[in-house]
Amino acid sequence: MKKLINKPDDVVMEELQGIVVAHPDLVKVHFNPNFVVRADAPIKGKVGVISGGGSGHEPMHGGYVGYGMLDAACPGAVFTSPTPDQMLEATKAVNGGAGVLHIVKNYTGDIMNFEMAADLARAEGIEVVAIVTDDDVAVQDSLYTAGRRGVGSTVLAEKVCGAAAEQLRSLEQVADVCRKVKAWGRSMGMALTSCTVPHVGKPTFDLPEDEMEIGIGIHGEPGRTRMKVKSADEITEMLMEPIIKDLPFKHGDEVLLFVNSMGGTPPIELYIIYRKAYEIAQKSGLKVVRNLIGPYITSLEMAGCSITMLKMDDDLLKLWDFPVKTVGLRWGM
Amino acid sequence: MSINRDEALEWIKACVEILGENRDYLTQLDAAIGDADHGANMDRGFKAVMGKIPEMSDKDIGTIFKTVGMTLLSTVGGAGGPLYGTFFIQAGMKTAGKMELSLEDWTSAMDAALSGIVMRGKAELGDKTMVDALTPALNALKQAMTDDLPLNQALKNSAEAAREGMVGTIPLVARKGRASYLGERSAGHQDPGATSSYLILKTAADTWSNS
């Protein structure tokens with residue numbers, strides 16, 4: 001294992017220490033239990049929006065804390081969900097009296113830890129609504145599995161829910177925005193290489209030099225198929241087809257097209273993918289009105305990409321364009 | 001024929017040791033069908049429990065179990081944290097105030113612990129989870145009560161039933177947790193959660209073999 005780390009056990013702690021000194025204008029970091037919180041939290045009368053999950057997906061979630069997006073983020077160990085005490089303390093820290101939205105990715109551990117935290121927060125008199133994102137169309141059999149995984153749509157949900165909260169909408173209204181993203185967003189990813197979890201020290205899965213995994217999860221969960229590496233255009237088709245098939249989209253719909261790097265794939269390749277994905281969307285009668293291209297929900301140093309499409313309406317467009325000021329996303333201010 | 005407070009603490013300490021020794025083994029099992037963190041997570045959690053031993057040592061058994069549960073809940077993470085946290089917290093609630101446990105006490109504690117896990121994780125028997133080791137272990141305790149067996153024999157039977165349940169997860173197709181994404185490919189691998197559950201119950205039987 002070659003990594004720019006000191007000790008595997010210190011990875012998350014030392015990353016947080018870096019954030020403390022890098023972005024004091026945007027965030028504060030609370031240690032033990034660990035969470036990243038907006039420097040100006042809590043904001044009276046504003047719904048608090050929090051998320052969290054295993055580390056290793058940066059900039060998600062800590063990099064999305066700030067004006068117009070998350071109020072707090074709880075990082076677990078690498079690829080391990082955070083614990084209820086983190087979410088409870090984060091919930092209390094961002095509660096401005098208008099309630100708190102938990103955006104939870106659909107993984108067994110995340111759900112259980114967030115559920116326990118929500119129970120504890122409610123017991124302390126804080127109104128909490130939790131919405132689970134589950135947009136990964138690679139999971140076909142969701143009846144006999146833990147269900148579709150929460151992936152790319154989570155980033156988009158955090159952006160638009162954060163904007164809605166900033167506009168002082170009610171908890172139920174902010175939750176409705178999240179439900180809309182959950183209903184209208186679909187994703188699929190692929191990997192060219194595995195990643196190595198620091199405390200494991202070796203690649204999570206074996207992927208021969210000339211093969212790729214289509215439908216990979218953001219922790220290296222297996223996808224739909226493994227095959228010889230193909231061209232960027234063919235790979236884009238393989239990702240776009242199941243997304244479009246699954247979307248509740250019709251001819252003429254407007255969409256946000258999000259091409260994401262799994263961490264190891266450079267922007268030059270992402271634009272090649274975007275070019276083809278845009279063409280496929282157009283041919284399918286979808287109008288791409290916004291986009292996001294870059295490493296926004298990663299899987300350590302895994303090479304590969306994911307594509308997310310989110311159907312947009314006027315409200316989502318306004319919320320997407322609303323100013324945001326975080327480490328990971330920043331525009332309009 | 002009972003387990004006293006000091007023996008309960010001995011079990012907890014022995015669990016710290018056993019889970020430390022099996023850290024890489026559990027992680028390997030998890031790497032095959034999960035996300036390769038179960039061993040590291042359990043080891044981190046029980047190491048934190050070790051740090052709480054001084055403050056637990058003069059408390060009743062219920063308080064000890066509850067403290068173990070709360071500590072695991074805030075240090076393990078993943079699915080294991082809430083599940084083992086719930087396991088020990090529920091067992092602690094059933095044994096609140098007790099300085100000594102009979103077979104009946106232990107059985108009702110394990111009954112509450114398993115019910116808590118099923119409620120939290122919503123897994124059923126045969127889903128390839130820790131429930132597959134814990135359910136037969138609890139049934140063995142109930143059978144031992146019916147048969148009027150001594151406590152140490154009951155614990156031994158219970159650990160053996162957990163072992164059989166654990167081995168029985170090998171051919172199963174996972175329906176819960178991250179392993180479920182593998183579908184048929186999850187068959188042929190032993191479930192790491194069932195394995196850690198077996199280790200914990202086996203440690204109880206070994207620690208309390210003279211009880």
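Couple of notes before you dig in:
- Less than 5 angstrom separates the built amide H of A:Val151 from those of A:Asp135, A:Asp136, all sequence-distant by 5 or more or on a different chain.
- Excluding exposed DSSP-loop GluC sites (Glu not before Pro) (at most 14 other C-beta within 10 Å), longest clean stretch of chain A: A:210-333
- Karplus-derived 3J(HN,Hα) values for region A:162-169, using 6.51 cos²θ - 1.76 cosθ + 1.60 with θ = phi - 60°, are x, 5, 4, 5, 5, 7, 6, 5 Hz; glycine and proline are entered as x.
- Computed from label points 7 Å out along Cα-Cβ, the spacing between A:Asn6 and A:Glu241 is 5.0 nm.
- Computed extension length for B:Ser209-B:Met1: 73.8 nm, one decimal, from 0.36 nm per residue of separation with the Cα-Cα distance subtracted.
- Shielding by partners, peptide B:30-40 (average Cβ within 10 angstrom, other chains): 5
- Most positive-pole-ward Cα, A:Met188, A:Val259, A:Ser284, against dipole of region A:185-313 from beta carbon charges: A:Ser284
- Computed [θ] at 222 nm, helices only, for the protein assembly as shown once each DSSP H run of length n ≥ 4 contributes -39500 (n - 2.57): -15000 deg cm²/dmol
- Normalised by 2.2 N^0.38 Å, with N the number of residues, the alpha-carbon radius of gyration of region B:18-148 equals 1.08.
- Two-site FRET efficiency, A:Arg275 against A:Glu301, from Cβ-Cβ distance with R₀ of 22 Å, rounded to 0.05: 0.35
- Neighbouring partner chain Cβ atoms per residue of B:171-179, average, 10 Å criterion: 4
- Summarising the amide proton neighbourhood of A:Val288: residues at separation of 5 or more, or on other chains, whose placed amide H is nearer than 5 Å comprise A:Val255.
- With both labels modelled 7 Å from their Cα along Cα-to-Cβ, the B:Ser102 to B:Ala187 distance reads 4.6 nm.
- Nearest-ten-degree value, helix B:23-33 long axis tilted from longest Cα axis of chain B: 40 degrees
- Working note: Cα atoms of region B:4-65, range along each principal axis, descending, whole Å: 41, 16, 16.
- Dipole magnitude for chain B: computed about the Cα centre from +1 point charges on Lys and Arg Cβ and -1 point charges on Asp and Glu Cβ, it is near 580 debye.
- Under 5 Å, built H, 5+ apart or other chain: amide partners of B:Thr169: B:Asp191
- Within region A:185-313, the ratio Rg/Rh, alpha carbon atoms throughout and Rh by Kirkwood, equals 0.98.
- Remark: the protein assembly as shown is approximated by an ellipsoid whose semi-axes, taken from the C-alpha gyration tensor as √(5λ), come to 42, 26, 20 Å, largest first.
- Evaluating 6.51 cos²θ - 1.76 cosθ + 1.60 at θ = phi - 60° for every residue in region A:127-136, the Karplus couplings come out as 6, 10, 10, 10, 10, 9, 8, 8, 9, 7 Hz, glycine and proline recorded as x.
- Put a plus charge on the Cβ of each Lys and Arg, a minus charge on the Cβ of each Asp and Glu, and nothing anywhere else: the dipole of chain A about its Cα centre is then about 520 debye.
- For region A:232-237, putting each phi into the Karplus relation 6.51 cos²θ - 1.76 cosθ + 1.60 with θ = phi - 60° gives couplings of 4, 5, 5, 5, 4, 4 Hz, in residue order, rounded to whole numbers and with x for Gly and Pro.
- Checking the cross-link pairs A:Lys92/A:Lys202; A:Lys44/A:Lys159; A:Lys92/B:Lys202; A:Lys44/A:Lys287; A:Lys283/A:Lys325; B:Lys94/B:Lys128 against a 31 Å limit on the alpha carbon distance flags A:Lys92/A:Lys202; A:Lys92/B:Lys202; A:Lys44/A:Lys287; A:Lys283/A:Lys325 as lying beyond it.
- Net charge dipole size for region B:1-89 [Lys, Arg +1 and Asp, Glu -1 on Cβ; Debye, nearest 20]: 240 debye
- Shielding value for B:68-77 is 4, the average number of Cβ atoms from other chains within 10 Å of each residue's Cβ.
Bear in mind that the values in this text are calculations on the coordinates, not laboratory data. In this text, all values refer to a predicted model and were calculated from it rather than measured experimentally. Heads up, the Cβs are rebuilt from the backbone with ideal geometry, glycines too, and the neighbour counts pull from every protein chain shown.
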